[in-house]
Structures are given as structure tokens and as C-alpha cells.
Amino acid sequence: MRELTGKEVAESVYTDIRTTLSDMIDRGGRMPSLAVILVGDDPASQAYVGSKQRMCEKLGYSHNDIRMPADTTQDLLMEKIHALNADDSVDGILVQLPLPSHLDESEAITSIDPEKDVDGLHPVNLGRLVREEETLYSCTPYGIYQMLNYYEIPIRSQHVVVVGRSTLMGKPMALLLAQKGIDATVTICHSRTKNLGEITSQADILIAAIGRPHMITSDMVKDGAVVIDVGINRVDDPSSSKGYRLTGDVDFAGVSGKASAITPVPRGVGVMTIAMLMKNTLLASQRRQGL
């Protein structure tokens, strides 16, 4: 059984980014610029934003970290997004999700300029994905695709089962892997799928993104399958100094005995999401600068 960690793959992405950045500067371009909007003080969101800022600093990107109070109105949020859309120095805009419950996430995402939508969630970019046109891909699905390629895991003609149907992960993952030239056969399942285990046990590649700790057990996985665990769940753990630990949607201990390859949680898919955000920001900057 191979353990597919994300750090090695992410470093290869960053190496490619640095090479491209050097070429851009040599050609008279400027460094990419990312603006991140954080509304409220959710600890997990603050940690994610901090990780993105640190990676921007490592790569030399310009980073604008915009923090807004939890009681920010929809109008004020829209005003900030529209200002960033109009700012020619900004290449990428990301609204950190989830937003406070009184704010409309869909309106916020839809209001971002699609050419600056480095999260790949705007309807225009999702539509381009459906049409198999050049686009800014959703970061986590894009990162998983990069992992499969890096570890030379065959995708063409393989049966991929995606457990989860979110717009953030499940749907764009399925659309990406079903594209011509990638050529997977994809099944989407969800929490209401009948006989879920019967379907997942047919998968050559099983991608779990349903947000339920240890939902995928060994009896749901066929021998030799590749298992990608996207879940990041907090579970109580009195033995931990934090009082909790992170675990995935897959029962790692049970499934690792049957899988030919599996991603751990943490140290798996998570680091790839930030890597692909940096790649998307670079692509957006290249297009806007004509480089």
C-alpha cells in the first residue's frame, strides 16, 4: 500500500510556478496579486487565510488580506468585491468560505470577475468546465488530478466513484475526470444513494468528499483500489492537547489494508488546495498581463 502525501506533489507545483515567475519577470511582467476577503473570526478560516498569505510571501506574490467584521452587511461585502474587480493591480479574488449565515455566499461568488475567480467557483468557470474549455479549475479537484498524475495512477478508462456532490468538490471533480483526454468513467454518489457500498466497491479510484468521519469503511472498498480522502473532520480526542484530532471521511486503519494507495488525513489532499490556488492565481495573472 502506497501512502499518497500531498507535500511532495505540492513542492513540484511550486517548483513549476517559480520557473514560470522567473520567465514572467524576464519578459517585463509583474508578480501575481491575490486578494482574500475574510468575514468574521472563524478560527479554521483564519488558519486557512494565514496559510495562503504565508505561501504568497514565499512565492513573492502580492497579497491583500482583507478582514471584515462578522456583522458586515451584504451591501458592504459586494462593495468590496466590486472594488477589487475594478482594481487592475489585483489578479485573483477569493472570498473565504463559509461566510456568516446572514450573508449570501452565492451572490458573493457570482459577483467576482470570472477572470479573477481563482477558487474556480463562478458559474462562468464552472460552465467552461462543463464545455471542456480553458478555465480556472476548482482548487481541490484540480489538486487531486495533479496528485493522480504525479503518482502515475492510471485514470483513463478507470471507474471513478465520487462520494459527494458539492459544487465546491464533488461535481467539478466528476466533470474534470470525465473530460475528453482524461477519459475516466465517473459515478457520483451522495448521502441518499441506495446501496452505497455496492457502488463504491466497484471503484478503481474512490474519492470521498462527503464530510462524515470514517463513513467509508473497508467493506465498501475493493481490493487494490486507489482511495482519495478529501474529508477533514474534527472529532473529540481527550488525549490530544487541543481536545480534538483531525480525521477523514475514510476509516484509514481499515481501508489501508485493502487499498493499493491511499491519502492520509492530514498530510494528504489539503496542501494541494493551496498549491492549486497559487497556480490559478499565476494563470489569472498571466492572462491579464498577456504573458
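Helix 139-150 and the longest principal axis of the Cα set of the chain meet at an angle near 60°. Straight-line reach from residue 222: which lysines fall under 17 Å, measuring Cα to Cα and dropping same-chain residues less than 8 apart? Straight-distance partners of residue 222: 258. Given their separation in residues at 0.36 nm each and the Cα-Cα distance between them, residue 3 and residue 26 gain 4.4 nm when the chain is fully extended. Working from Cα pairs under 8 Å separated by at least six residues, relative contact order for the chain is 21 percent.
For the stretch 188-291, the Kirkwood radius over C-alpha pairs fed into Stokes-Einstein at 37 °C and 0.692 mPa s yields D = 214 µm² per second.
Suppose a student asked you for the relative contact order of the stretch 90-223, using Cα pairs under 8 Å spaced at least 6 residues apart; what percent would you report? Over the stretch 90-223, the number comes to 19 percent.
Angle between the Cα long axis of helix 43-59 and the longest principal axis of the chain, 0 to 90 degrees, nearest 10? Computed tilt is about 70 degrees. Relative to the longest principal axis of the chain, what angle (0 to 90°, nearest 10) does the C-alpha long axis of helix 74-86 take? Roughly 70 degrees between the two axes.
What is the distance in Å between the Cα centres of the stretch 78-118 and the stretch 226-246? That distance is 30 Å. Among 253, 35, 203, the residue with the largest mean-square fluctuation in a Gaussian network model of the chain, with springs joining Cα atoms closer than 10 Å, is 253.
If the Kirkwood radius is taken over C-alpha pairs of the chain, then at 4 °C and 1.567 mPa s the Stokes-Einstein diffusion coefficient equals 65 µm²/s. On full extension, the segment bounded by residue 236 and residue 88 gains 48.7 nm, given 0.36 nm per residue less the C-alpha separation.
Our estimate of slack between residue 101 and residue 47, defined as 0.36 nm per intervening residue step minus the Cα-Cα distance, is 17.5 nm. For the listed peptides 225-236, 153-164, 78-89, a ranking on the average number of other beta carbons within 10 Å per residue, highest first, reads 225-236, 153-164, 78-89.
Of 76, 176, 59, which is the most mobile in a GNM of the chain whose springs link Cα atoms less than 10 angstrom apart? It is 76.
All of the numbers you see were taken from the coordinates with simple rules; none came from a lab. Quick caveat, the model's predicted, so the values are computed rather than measured. No Cβ is skipped: glycine too gets one built from the backbone with ideal geometry, and neighbour counts run over all protein chains shown.
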